[in-house]
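Asker: One structure follows; several queries about it will come next.
The values are calculated or read from the model by the stated rules, or taken from the named source; none is laboratory data. Computed from a prediction, not measured in an experiment: that's the story for all the values here. In this analysis, Cβ positions are derived from the backbone assuming ideal geometry, glycine residues included, and neighbour counts consider all displayed protein chains. For the accessible areas, the whole protein counts, side chains as well, though only heavy atoms, and no ligand, DNA or RNA atoms are used. Shrake-Rupley method; radii C 1.70, N 1.55, O 1.52, S 1.80 Å.
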Amino acid sequence: MRSGFPLLAAQAGLHYLDSAATAQIHRDALDAVLRHETGSRANVMRGTYALADAADRAYESARGAAARFLNVAAEEIVFTSGATAALNLVAHSFGAGLQAGDRVLVSQAEHHSNFVPWLMLRERKGIALDVLPVRPDGQLDLGRLPQLLREETRLVALTQCSNVTGAITDVAAVVDAARRVGARVVLDGAQAVQHGPQDLRALGVDFYAFSGHKCFGPGGVGVLWGRAELLCTLPPFCGGGGMVGEVNLDGFSWAEAPRRFEAGTPPIAQAVGLAAALDWMMSLDWPRLRERETALCARLLDGLREIPGLRVLGSMAAEGRAPIVSFEIAGLHPHDICQVLDAHGLALRGGHHCAQPLLAALGVEACTRASLALYNDESDVAALLDGLRHAAKALR
Amino acid sequence: MSAGAELYQQAIKDWAGADHGHGRLDPADAAARTDNPLCGDRVQVTLRLDAGRITAFAQETRGCLLCRAAASLLAQRAPGMDAAAAAAASTALEELLAEGRDPPPAWQDLAMFAPARSYRSRHKCALLPFRALRQALEGVSHREQ
């Protein structure tokens, strides 16, 4: 598996355990970008020459790949610069129809990219923001949904998988509760897509956001999926070329979705690279890979139990979670821990992981996070456990 | 010696562990808080002043060993300093981290941060208390203008 990732193949001694921040890029994605940039590079939806036509076809084909990965229609796929841009797009375009008195429900487990846009919407429109709390095991306290969802709730914006605890949201329960009050649901899939293709029709949500760099594709590209019947009614977020029907001195008309939401030159080569990564992912045996990820996560959790003074944030169970494990060690700062780990060839992130409300709920300011992906194996976990023992000695 | 061990030499751990000047002055003549948005670390500095010179210094630091060592060192050296001296100390640390320039004789203790030079993301950790001190003193001088 490691050999398919050029950076990991070139750096045999590297134990990369920060895939929740950015996964390594797969060779297929890199090759596709290079092929496109050296064979089909031109702007899209603008030129009539053969090269421009090739670029158009590559870009629209990428839209198709993203749609297959999510089990949705291609015309419902909007390419953005990443999940953050996708969520901001929903906050602006869906938010444009909200007014004072309307309510949006978020959770305390959100990454800042699915929290701050709603705080900003509250400032712009005077909406009310309700916050679903998390339980000590890191799971969303879904039992509070009936109290928090009201007639005025227009949108529920939740993470599919926590970037800190790895807790997976019971999306069916959320969608069921939201529908009872007529609210729409936007799901932040940034951490989920790395662990396999998604069936959005089965999940039943209304919007879905993810980033290419978290699922073995290039940086600078992401996807917003929205139900066709919603996208066709929403106003654009950014203005510019490509998103208009006609422009004159008096105003402009909107292009059809999804182009309405893709102002300017889109991330063409990045979308092509992302499509190659997604196609590669769809060729894999995900039930087997998930079993392997769970076993590796169990090995990690078992090893962490043996480290004196270490506390895992959230659940200690390997099942029913993504292989993302955050922890604190009494008396040691995450930055110092990560610095010592780095000297042992281990790449981990320490800090607040852009989830300060969640960390506050879990009673910490910062933590160290190990996130496993399909290219990690036993040797990475063993190196981490060794590294943590070294860190505890070096820092005391 | 590994890079991690070199960075965490005994002097850093000793200064951090000593936690000189820990606390908060109340009342204080000047105060400032600096945050590291990368990790949420925070330094709160409170000062008492006489004619622009620091007569008492207190710090509350939530941070890594580098940050806490810097705050503790500053607590020992700050009394008697004015805004210009604080700026000079901060500049000395910035130049040590950015360019590897030796600190002036009065600030030789800053040399313990030299191994952090290779780790750009850690520069702010050591600089955070110095920036808090500068901000506190600049706040006073702005009020006096």
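Asker: Filter the range A:167-185 for residues that are open to solvent by less than 30 Å² (accessible area, probe 1.4 Å) and within 23 Å of A:PRO323 (Cα to Cα) and give the result. Before the answer, list the steps.
Answerer: Residues of the range A:167-185 open to solvent by less than 30 Å² (accessible area, probe 1.4 Å): A:167, A:169, A:171, A:174-175, A:177-178, A:183, A:185.
Across the range A:167-185, the qualifying residues are A:ALA167, A:THR169, A:VAL171, A:VAL174.
Asker: Yes or no: A:CYS238 under 26 Å from A:ASN114 (Cα atoms) and surrounded by fewer than 20 Cβ atoms within 10 Å (Cβ to Cβ)? Talk me through it step by step, then tell me what you get.
Answerer: Working: under 26 Å from A:ASN114 (Cα atoms): yes; surrounded by fewer than 20 Cβ atoms within 10 Å (Cβ to Cβ): yes.
Yes, satisfied.
Asker: If you don't mind, there's one more thing I want to ask. Please determine, by comparing only the residues of the range B:113-130 that are under 24 Å from B:ALA32 (Cβ atoms) and away from chain A (no Cβ under 14 Å), which one is surrounded by the fewest Cβ atoms within 10 Å (Cβ to Cβ).
Answerer: The selected residue is B:PHE130.
Asker: Let me ask another. Pull up the range B:43-68, narrow it to residues that are open to solvent by 30 Å² or more (accessible area, probe 1.4 Å) and free of Cβ contacts under 8 Å to residues at least 40 places away in the same chain, then point me to the one that is nearest to the other protein chains (Cβ to nearest Cβ).
Answerer: In this case the residue turns out to be B:ARG62.
Asker: Only one of (1) out of contact with any Leu (no Cβ under 7 Å at 6 or more places or on another chain); (2) assigned to a strand (DSSP E or B) fails for A:GLY220. Which number is that?
Answerer: Exception for A:GLY220: condition (2).
Asker: Starting from residues that are of a type in the set (A, V, I, L, M) and in a loop (DSSP other than H, G, I, E, B), keep the ones in the range B:1-55 and report whichever is farthest from A:PRO357 (Cα to Cα).
Answerer: Among those that are of a type in the set (A, V, I, L, M) and in a loop (DSSP other than H, G, I, E, B), it is B:ALA51.
Asker: Do we have any residue at all in the range A:336-348 that's closer than 30 Å to A:GLU291 by Cβ, under 18 Å from the mean Cα position of the chain (by Cα), within 11 Å of another protein chain (Cβ to nearest Cβ) and of a type outside the set (D, E, K, R)?
Answerer: no
Asker: All but one of (1) modelled with pLDDT of 95 or more; (2) farther than 30 Å from A:TRP118 by Cβ hold for A:ALA67, so report the exception by its number.
Answerer: Against the list (1) modelled with pLDDT of 95 or more; (2) farther than 30 Å from A:TRP118 by Cβ, A:ALA67 comes up short only on (2).
Asker: Out of everything in the range B:2-42 that is within 14 Å of another protein chain (Cβ to nearest Cβ) and at positive phi, what residue ends up being modelled with the lowest pLDDT?
Answerer: Once the filter is applied, the top-ranked residue is B:GLY40.
Asker: Which numbered condition trips up A:SER253, out of (1) under 25 Å from A:VAL90 (Cα atoms); (2) polar (S, T, N, Q); (3) in a helix (DSSP H, G or I)?
Answerer: Single failed check for A:SER253: (3).
Asker: I want to confirm something. Restricting to the range A:367-396 and keeping residues that are assigned to a strand (DSSP E or B) and within 14 Å of another protein chain (Cβ to nearest Cβ), which single residue is surrounded by the most Cβ atoms within 10 Å (Cβ to Cβ)?
Answerer: Residue satisfying both the conditions and the ranking: A:THR368.
Asker: I would also like to ask the following. Given the conditions (1) over 27 Å from A:ILE324 (Cα atoms); (2) more than 20 Å from the chain's Cα centre (by Cα); (3) open to solvent by 50 Å² or more (accessible area, probe 1.4 Å), report the number of the one that A:ARG144 does not fulfil.
Answerer: (1) is the only condition that A:ARG144 fails.
Asker: In addition: Suppose we filter the range A:318-344 for residues that are over 17 Å from A:LEU140 (Cα atoms), among the charged types (D, E, K, R) and in contact with a Cys (Cβ under 9 Å, 6 or more places away or on another chain); how many remain?
Answerer: 2
Asker: How do the pairs read when you match residues in the range A:234-263 that are on the phi < 0 side of the Ramachandran plot with residues anywhere that are open to solvent by 30 Å² or more (accessible area, probe 1.4 Å) and polar (S, T, N, Q), using Cβ under 7 Å and keeping only pairs 6 or more apart or on different chains?
Answerer: A:VAL244/A:SER253; A:GLY245/A:SER253; A:GLU246/A:SER253
Asker: Turning to a different aspect of this structure: Within the range A:117-131, can one find any residue that is within 15 Å of A:GLY189 (Cα to Cα) and either among the hydrophobic types (A, V, I, L, M, F, W, C) or over 21 Å from the mean Cα position of the chain (by Cα) (or both)?
Answerer: Residues of the range A:117-131 within 15 Å of A:GLY189 (Cα to Cα): none.
Among the residues of the range A:117-131, not one is within 15 Å of A:GLY189 (Cα to Cα) and either among the hydrophobic types (A, V, I, L, M, F, W, C) or over 21 Å from the mean Cα position of the chain (by Cα) (or both), which makes the answer no.
Asker: Another question, then. Inspect the range A:338-357 for any residue being small (Gly, Ala, Ser), modelled with pLDDT of 95 or more, in contact with a helix residue (DSSP H, G or I) (Cβ under 8 Å, 6 or more places away or on another chain) and more than 27 Å from B:ASN36 (Cβ to Cβ) and give the result as yes or no.
Answerer: Looking through the range A:338-357, none of the residues is small (Gly, Ala, Ser), modelled with pLDDT of 95 or more, in contact with a helix residue (DSSP H, G or I) (Cβ under 8 Å, 6 or more places away or on another chain) and more than 27 Å from B:ASN36 (Cβ to Cβ).
Asker: Moving to a separate point now. Checking the structure you have, find out if any residue of the range A:41-55 is without any contact (Cβ under 8 Å) to a residue 12 or more places away in the chain and over 23 Å from A:GLY245 (Cα atoms).
Answerer: Yes, the range A:41-55 contains a residue that is without any contact (Cβ under 8 Å) to a residue 12 or more places away in the chain and over 23 Å from A:GLY245 (Cα atoms).
Asker: Which residues, taken from the range A:223-235, are in a loop (DSSP other than H, G, I, E, B) and under 25 Å from A:PHE69 (Cα atoms)?
Answerer: A:ARG227, A:CYS232, A:THR233, A:LEU234, listed by residue number.
Asker: In the range A:186-199, how many residues are buried (at least 22 other Cβ atoms within 10 Å of the Cβ) and either among the hydroxyl-bearing types (Ser, Thr, Tyr) or farther than 25 Å from A:ASP18 by Cα (or both)?
Answerer: Total meeting the criteria: 1.
Asker: So which of A:LEU332, A:LEU284, A:LEU289, A:LEU304 is more than 23 Å from the chain's Cα centre (by Cα), in contact (Cβ under 8 Å) with a residue 60 or more places away in the chain and away from every other protein chain (no Cβ under 14 Å)?
Answerer: On the way: A:LEU332 fails: away from every other protein chain (no Cβ under 14 Å); A:LEU284 fails: more than 23 Å from the chain's Cα centre (by Cα); A:LEU289 fails: more than 23 Å from the chain's Cα centre (by Cα).
Every option except A:LEU304 fails the conditions.
Asker: Could you check, for the range A:213-228, whether at least one of its residues is in contact with a strand residue (DSSP E or B) (Cβ under 8 Å, 6 or more places away or on another chain) and of a type in the set (Val, Ile, Thr)?
Answerer: yes
Asker: Within the bounds of the range A:313-322, is there any residue that is under 24 Å from A:VAL106 (Cα atoms) and among the hydrophobic types (A, V, I, L, M, F, W, C)?
Answerer: Yes, some residue in the range A:313-322 is under 24 Å from A:VAL106 (Cα atoms) and among the hydrophobic types (A, V, I, L, M, F, W, C).
Asker: Just checking, which of A:ALA271, A:ALA257, A:ALA322, A:ALA276 is under 30 Å from A:ILE77 (Cβ atoms), aliphatic (A, V, I, L, M), at pLDDT 95 or above and touching a Gly at 6+ places or on another chain (Cβ under 7 Å)?
Answerer: From the options A:ALA271, A:ALA257, A:ALA322, A:ALA276, the qualifying one is A:ALA322.
Asker: How many of the residues making up the range A:236-249 are hydrophobic (A, V, I, L, M, F, W, C) and part of a strand (DSSP E or B)?
Answerer: Qualifying residue count, the range A:236-249: 2.
Asker: Can you find, within the range A:38-74, the residue that is most open to solvent (accessible area, probe 1.4 Å) among those that are under 18 Å from A:LEU278 (Cα atoms) and more than 21 Å from the chain's Cα centre (by Cα)?
Answerer: Keep residues of the range A:38-74 that are under 18 Å from A:LEU278 (Cα atoms), which gives A:57-74.
Remaining after also requiring more than 21 Å from the chain's Cα centre (by Cα): A:57-61.
Values: A:ARG57: 145, A:ALA58: 27, A:TYR59: 0, A:GLU60: 66, A:SER61: 72 Å².
My answer is A:ARG57.
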